[in-house]
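The values are calculated or read from the model by the stated rules, or taken from the named source; none is laboratory data. The structure displayed is predicted, hence computed values, not measured ones. All Cβ positions, even for glycine, are placed from backbone atoms using ideal geometry, and neighbour counts span all protein chains on display. Heavy atoms of the whole protein, side chains included, go into the accessibility calculation; ligands, DNA and RNA do not. Shrake-Rupley method; radii C 1.70, N 1.55, O 1.52, S 1.80 Å.
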Amino acid sequence: MYSDSTYSDSLKADLQELSNVPEISVNAFLSSENVSVGDTLTYTVALSVDAPVVLPVIAQSSVNAKGISQEGVKQVSSREISQGKTISKVEFVYTLSVNDTGNLSLPKLSFAIPQGDSLPLVIQSEPYSFYVESPLNPLPFLGGLFCAVAIVLVAFLKKKKQVKKRVLLQKHNELKDVIINDMLVLKARVSVADSREWLQNLELVFDNFSKLRVGETSFVKAVRLKKISDGDFWVKLFDEARYGGTKRDVFELREIWKTAVALMNLEEDLKQVEDN
């Protein structure tokens with residue numbers, strides 16, 4: 001098979017005999033089936049005539065229609081010989097702009113083939129319909145996406161805050177349980193423990209109380225930073241125990257224990273534990 005655009009010297013005679021041509025076909029196709037308003041595309045009408053030469057074909061109509069504007073057209077002619085048969089081909093390639101949506105139709109197009117001294121042979125293409133979609137507006141989608149992300153983010157932050165709150169509450173309760181348990185141990189050891197050692201252990205309980213109450217791991221430091229008021233007595237007491245101060249009897253240790261329980265507001269908690 002080969003193609004060319006050569007005219008025969010006997011073109012006039014061929015045109016006069018065109019009425020005897022047994023086969024004429026018209027095919028049309030759009031460059032894309034996915035069309036949106038504002039697109040530019042091409043519409044091709046291909047005419048094939050069983051003729052020995054490339055025949056002149058004249059377009060007699062345009063593709064202007066509702067929602068469609070013809071921006072330009074070009075013509076491509078060729079000849080093909082296959083299996084001893086010569087086919088004259090002419091393609092009209094229309095450039096279109098689409099400015100409406102919905103179902104649009106390209107009209108029938110008429111093409112004239114001269115026949116020498118006779119009237120020209122007129123060939124028509126079938127109408128061509130296609131659907132045009134509206135252009136995608138990203139704003140509603142982006143707005144919806146933003147709202148969805150915001151809702152998810154708020155829910156995530158809220159859940160994270162609740163989890164953090166539960167964790168802090170759990171740690172608070174665990175530390176308070178440690179303080180209560182240590183105070184019960186100190187109460188039980190009032191009669192047998194060395195007073196200096198006993199007071200040093202009480203200072204450790206006060207350190208946990210300071211951490212629970214004001215976030216400081218040292219009770220003495222919290223008092224000096226004024227985060228805990230009325231703590232000077234306890235600072236002095238712990239300093240004496242740390243540096244080998246006066247030995248305290250059982251009665252004094254019991255009073256110190258009661259005063260410590262009152263300072264840390266543990267009366268009810270200790271009572272509930274002891275009742276159980």
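General remarks:
- With N the number of residues in the stretch 135-205, Rg(Cα) / (2.2 N^0.38 Å) evaluates to 2.39.
- Selection from S97, A65, I87 lying farthest towards where the dipole of the stretch 65-116 points positive, charges on Cβ: I87
- Global geometry of the stretch 204-276, whether rounded, prolate or oblate, following the gyration tensor of its Cα atoms and the 1.5 cut on a/c: oblate
- The gain in end-to-end length when the A193 to Q70 segment is fully stretched comes to 33.7 nm, 0.36 nm per residue minus the alpha carbon separation.
- One equal scatterer on each Cα of the stretch 75-119, no solvent, Debye formula: the resulting log10 I(q)/I(0) at q = 0.23 Å⁻¹ is -1.01.
- DSSP-assigned coil residues among trypsin sites (Lys or Arg not before Pro) in the stretch 209-276, each with at most 11 further Cβ atoms within 10 Å: K226, K247
- Eligible aspartates and glutamates near K66 by straight Cα distance, threshold 14 Å, same-chain separation 8 or greater: D100
- Summing Lys and Arg as +1 and Asp and Glu as -1 over all other residues whose Cβ lies under 11 Å from the Cβ of V223 gives a net charge of +2.
- Kirkwood-based shape ratio for the stretch 126-276, expressed as Rg/Rh from alpha carbons: 1.50
- For D39, the residues 5 or more places off, or on other chains, whose built amide H falls under 5 Å of its own are V98.
- Förster-model FRET efficiency, 30 Å R0, V214 and N276, C-beta, rounded to 0.05: 0.55
- Radius 15 Å from Cβ of T246, net charge of other residues (Lys, Arg +1; Asp, Glu -1): -2
- When only alpha carbons are used to place a centre, the stretch 240-274 and the stretch 72-88 end up 112 Å from one another.
- Rounded to the nearest whole Hz, the Karplus-based 3J(HN,Hα) values (6.51 cos²θ - 1.76 cosθ + 1.60, θ = phi - 60°) of the stretch 43-51 follow the sequence 10, 10, 10, 10, 10, 10, 10, 6, 8, with x at glycine and proline.
- Rounded to 5, percent antiparallel among DSSP beta bridges of the chain: 95 percent
- 0 to 90° range, to nearest 10: angle between helix 250-263 axis and the chain longest Cα axis: 30 degrees
- The shape of the chain can be summarised by an equivalent ellipsoid whose semi-axes, obtained from the alpha carbon gyration tensor, come to 109, 18, 15 Å from longest to shortest.
- K226/A150 FRET efficiency (R0 41 Å; Cβ-Cβ; nearest 0.05): 0.45
- ³J(HN,Hα), Karplus 6.51/-1.76/1.60, whole Hz, each residue of the stretch 183-188, x for Gly, Pro: 5, 5, 5, 5, 4, 6
- Counting heavy atoms of the protein chains alone, L168 has an accessible area of about 100 Å² for a 1.4 Å probe.
- Pairs of lysines in the stretch 114-211 whose Cα atoms sit within less than 21 Å of one another amount to 11, provided the residues are eight or more positions apart or on different chains.
- Within the same chain, aspartates and glutamates fewer than 8 places from K247 are excluded, and of the rest, those with a Cα less than 20 Å from its Cα are D194, E197, E203, D232, D239, E255.
- Placing +1 on each Lys and Arg Cβ and -1 on each Asp and Glu Cβ, with no other charges, gives the chain a dipole about its Cα centre of roughly 1920 debye.
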